[in-house]
Amino acid sequence: MTAAAPAAPPAPPSGPQRTLLLLVRHGETPTTGKVLPGRAPGLHLSDRGRAQADRVAERLAGLPVDGVYSSPLERTRETAEPAAARTGLAVQEDAGLIECDFGEWTGVQLAELAGLPQWQTVQHSPSAFRFPGGESFTQMQARIVGALEALCAAHAGGVVVCFSHADPIKAAVAHALGTHLDLFQRIAISPGSVSAIAYVEGQAPAVLMVNSTSEPLSGLRAG
């Protein structure tokens with residue numbers, strides 16, 4: 001009489017879902033590095049910016065994307081469009097990803113702003129600064145962190161590509177790192193760059209990549 005085959009060991013319990021958010025800064029515009037454009041309408045990508053948007057889409061090859069979200073501004077939507085076309089997904093606007101409201105400073109030359117006494121506060125104590133007639137950095141950070149948490153909940157275990165702006169992305173990365181907002185200006189976020197944060201419920205976020213502009217993104221696939 002043959003012995004019965006041993007029972008297969010029980011499958012290990014599945015772990016908590018890991019959600020991957022890719023934070024993409026929009027591509028270059030004609031005013032990048034020259035003007036504080038803020039939320040003013042009508043600013044579009046330059047030729048270089050469109051090439052950067054195409055490059056972001058190319059880097060998504062092999063990555064299963066569940067959602068493509070963009071700030072409502074033209075320059076972010078234009079950056080998101082090649083990625084949406086590649087993934088077969090529609091670009092969904094999310095107001096939580098919008099640029100900081102710079103209020104009365106909107107459209108002012110950066111060289112002019114750099115000469116103001118308040119500029120030192122912007123650079124070294126941003127948590128204490130509110131733009132005249134606009135948003136504070138703490139409000140901006142709370143806004144984008146809340147938006148990212150909502151996207152994590154909506155796409156638990158998935159991959160979401162979020163097209164936003166330099167300051168909101170820097171603030172989100174600083175929050176994920178546990179870095180005080182007063183130090184967030186030390187984080188560089190270049191046009192067309194990708195930063196990646198992994199979220200698991202009940203755990204601290206894991207920052208996987210910051211300001212990346214070259215390598216393929218398929219290796220970041222959420223487990």
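The values are calculated or read from the model by the stated rules, or taken from the named source; none is laboratory data. Remember, predicted model here, so these are calculated numbers, not experimental data. Cβ: placed from backbone, ideal geometry, glycine included. Neighbour counts: every protein chain shown. For accessibility, only protein heavy atoms count, side chains too; no ligands or nucleic acids. Shrake-Rupley method; radii C 1.70, N 1.55, O 1.52, S 1.80 Å.
For segment 158-223, trypsin sites (Lys or Arg not before Pro) are listed when DSSP marks them as loop and at most 15 other Cβ atoms sit within 10 Å of their Cβ; the list is 221. Across segment 55-77, the residues whose backbone nitrogen lies under 14 Å from the label position 7 Å along the beta-carbon direction of residue 90 are 67-70. Normalised by the number of residues in the chain, the average gap of Cα pairs under 8 Å and 6 or more apart makes the relative contact order 32 percent. Calculate how steeply helix 74-87 sits against the longest principal axis of the alpha-carbon atoms of the chain, using the helix alpha-carbon long axis, and give the answer as 0 to 90 degrees to the nearest 10. Between helix and principal axis, roughly 20 degrees. Does anyone have the angle between helix 137-154 and the longest principal axis of the chain? Alpha-carbon axes, 0 to 90°, nearest 10? Value to nearest ten degrees: 30. Residues 47, 167, 66 ordered from highest to lowest accessible area at a 1.4 Å probe: 47, 66, 167. To the nearest ten degrees, helix 47-59 and the longest principal axis of the Cα atoms of the chain are 10 degrees apart.
Using a probe of 1.4 angstrom and keeping all protein chains present, the accessible surface of segment 85-223 works out to 45 square angstrom per residue. Counting Lys +1, Arg +1, Asp -1, Glu -1, what net charge surrounds residue 174 among other residues with beta carbon under 13 Å of its beta carbon? Charge balance near residue 174 sits at 0.
Shape of segment 33-147 from its Cα gyration tensor (a ≥ b ≥ c, root eigenvalues): rounded if a/c is under 1.5, otherwise prolate when a/b > b/c, or oblate? Judged from the Cα gyration tensor, segment 33-147 comes out prolate (a/c at least 1.5, a/b above b/c). What separates the Cα centres of segment 26-46 and segment 84-159 is a distance of 14 Å. The alpha carbons of segment 153-193 occupy a box of 31, 24, 10 Å along the principal axes, longest dimension given first.
Rolling a 1.4 Å probe over the protein chains gives residue 26 an accessible area of about 10 Å². Under 5 Å between amide hydrogens, built in the peptide plane, is the criterion, and for residue 35 it picks out 110 among residues at least 5 positions away or on other chains. Taking every Cα-Cα distance in segment 112-166 and sorting them into 10 Å bins from zero, the calculated P(r) comes out as 20, 38, 24, 15, 3 percent. Kirkwood Rh over Cα pairs of segment 69-223 into Stokes-Einstein at 10 °C, 1.306 mPa s: D in µm²/s? Taking Rh from Cα pairs, D becomes 96 µm²/s. For residue 208, the amide hydrogen comes within under 5 Å of the amide hydrogens of 196, 197, 198, counting only partners 5 or more places away or on other chains and with H modelled in the peptide plane. Model label sites at residue 128 and residue 201, defined 7 Å from Cα along the beta-carbon direction, differ in position by 4.1 nm. A simple rule links phi to the HN-Hα coupling: the Karplus curve 6.51 cos²θ - 1.76 cosθ + 1.60 with θ = phi - 60°, which for segment 210-216 gives 9, 6, 8, 10, 10, 5, x Hz, with x for Gly and Pro. Per q in 0.21, 0.28, 0.31, 0.32 Å⁻¹, report the Debye log10 I(q)/I(0) for segment 165-217, using one uniform scatterer on each alpha carbon and no solvent. After summing over all Cα pairs, the log10 values are -0.75, -1.14, -1.26, -1.29. The apolar share of the surface of the chain, taken as the fraction of accessible area on carbon and sulfur atoms (1.4 Å probe, ligands and nucleic acids excluded), comes to 54 percent.
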